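The values are calculated or read from the model by the stated rules, or taken from the named source; none is laboratory data. Please read these numbers as outputs of a predicted model, since none were measured by experiment. With ideal geometry, Cβ positions are generated from the backbone for all residues, glycine too; neighbour counts draw on all protein chains shown. SASA here: full protein model, heavy atoms, side chains in, ligands and nucleic acids out. Shrake-Rupley method; radii C 1.70, N 1.55, O 1.52, S 1.80 Å.
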Amino acid sequence: MVVLAASIISKSGKALVSRQFVDMSRIRIEGYLAAFPKLVGTGKQHTYVETENVRYVYQPIEALYLVLVTNKQSNILEDLETLRLLSKLVPEYSYSLDEEGIGRTAFELIFAFDEVISLGHKENVTVAQVKQYCEMESHEEKLHKLEKQSKINDTKDLMKRKASEIDKNKMEKQRIGGGYSALQSFGSGRIDSGFASEMGNSNSSAFGSGSGFGLNNDVDSFSNKSKGTISASTTASAKGLGMKLGKSQKTNQFLESLKAEGEVIVEDVRPIVGQSQSSAPPPTDPVTLTVEEKLSITLKRDGGLEKFDVQGTLSLQVLHPDDGFIQVQIESGGNPAVIFKTHPNINKELFSNENILGLKDPNRPFPHNQAGDGVGLLRWRMQSSDESIVPLTINCWPSVSGNETYVNIEYEASSMFDLHNVVISVPLPALRDPPSVSQIDGDWRYDSRASALEWSIDLIDNSNRSGSLEFVVPPADSSVFFPISVRFTSSKTFSDVKVLNILPLKSESPPKNSQRTKLATEEYQVV
């Protein structure tokens, strides 16, 4: 009762897979299998055929035969049970029951046959057990492979970060090394004047205590002296231009090389001490009121709001002393999340009862000719965890495909605000060439020194509440493209503070006045 061989053959007798369980030569088993198609009669329903020496127990499988070659003393019922089990296993391992499919899975079928038949006798197993034995699954092996793959991934990430840092350091050294001397000659006068400007602004914006409002004489004299110093230095530098032609030529060459790399070169114009650094024009009306809010937002890259903070200021600028005898009536938007705080010299009761900003002593005027936007009368702050009030949301989707990283970025703007001069700055890995931008709503610029792509939109209103950008860079980790920085301005504020009226205290008609409203970003990031 021995199974000599288990085979899968074609209709013509060609052996596709054959596993022998006793010592038989190849020529002998091929002879048995080649004779089998001639012994099978057409139109008969038998499942076995006998010759003088062996018995064939078979089952058709589409265009093939599954054949057990046994001796004539073998138990036919046990052989039929073995054949039935093998016929269930063949489709489990070979999804295509043709010559090509059997050839691709020949070794898997042989291993399965070995699990069913041992030394010519059937083992007491099921299809599920045979599959489990052949897969040889091991929990410890899986854990080992997972740990090994995790270490490989960590090492790859570390290698990418180190390579990125090395490339950035090389690029910085190449840029800084050639132009250090020229940059050193540029910086001295600008640093002095900038320091004087900051000193002038900080002293002049003091909001009076002991001696009342206004600038003191020391600050005025300091500002005048600084202006004289700058004029002298400018004149001296202009006189010395004829003696330094060689140095000027090197400087021009350095500037030209920076321009060729895509840098924006700002002309070396020295600021005047006391002049405002903002782009707002100087006030021309006797009284100017400025409502300004600074927005600090941190968004998570996977969604969610990490930080939302708005700080606002209402400032008053008076050009002439006689126009300082006034009171300011305002209207707030009624937002309960906005917390107001008046200056210590402002009458708090008058403000809380009538929304009027006036001095505690009405016989004293507001200070005049203050630097910047003037003196701050009212401050407020707003914090929230509601993501729906965020003016602009950014979604970044980097994906690596082959030797390239495809980065898709889209923005969605709230309908509550029209945003001006929007710039979205996306960090990039160290690159030799600018990124390849395939689609963009707006304009873009590659800052090679900062290794960042700046996406700019002049105006976001109802015509373009959403937009997208797509570019391609060499393969890089997704964390390289964060944090994304955003800056913009808007003429509408969260508090909706408005000046209703200017109330004169010593004249019948209020002085001519103007109002400015501005919302600007101080820190706006997607991390």
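Listed here are the residues, each with its yes/no results for (1) farther than 20 Å from residue 395 by Cβ; (2) at pLDDT below 95; (3) touching a Pro at 6+ places or on another chain (Cβ under 8 Å).
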residue: 406; (1), (2), (3): no, yes, yes
residue: 424; (1), (2), (3): no, no, no
residue: 446; (1), (2), (3): yes, yes, yes
residue: 449; (1), (2), (3): yes, yes, no
residue: 452; (1), (2), (3): no, yes, yes
residue: 474; (1), (2), (3): yes, yes, yes
The condition from (1) touching a residue at least 12 places away in the same chain (Cβ under 8 Å); (2) within 25 Å of the chain's Cα centre (by Cα) that residue 507 misses is numbered (2)
Looking at 489, 517, 521, 405, which one is closer than 30 Å to residue 325 by Cα and among the β-branched types (Val, Ile, Thr)? 517
If you take just the strands (runs of 3 or more DSSP E) that sit entirely in the range 39-117, which of them hold at least 2 residues that are open to solvent by less than 80 Å² (accessible area, probe 1.4 Å)? 54-61, 64-71
Neighbours by Cβ (under 9 Å, 6+ apart or cross-chain): first from the range 289-302, touching a residue at least 12 places away in the same chain (Cβ under 8 Å) and more than 18 Å from residue 384 (Cα to Cα); second basic (Lys, Arg) and open to solvent by less than 20 Å² (accessible area, probe 1.4 Å): none
Give the range 413-455 a look and list any residue that's more than 18 Å from residue 170 (Cα to Cα) and charged (D, E, K, R), or say none. 418, 441, 443, 445, 454
Name the residues in the range 492-511 that are part of a loop (DSSP other than H, G, I, E, B), within 25 Å of residue 366 (Cβ to Cβ), open to solvent by 30 Å² or more (accessible area, probe 1.4 Å) and in contact with a strand residue (DSSP E or B) (Cβ under 7 Å, 6 or more places away or on another chain), would you? 505, 510
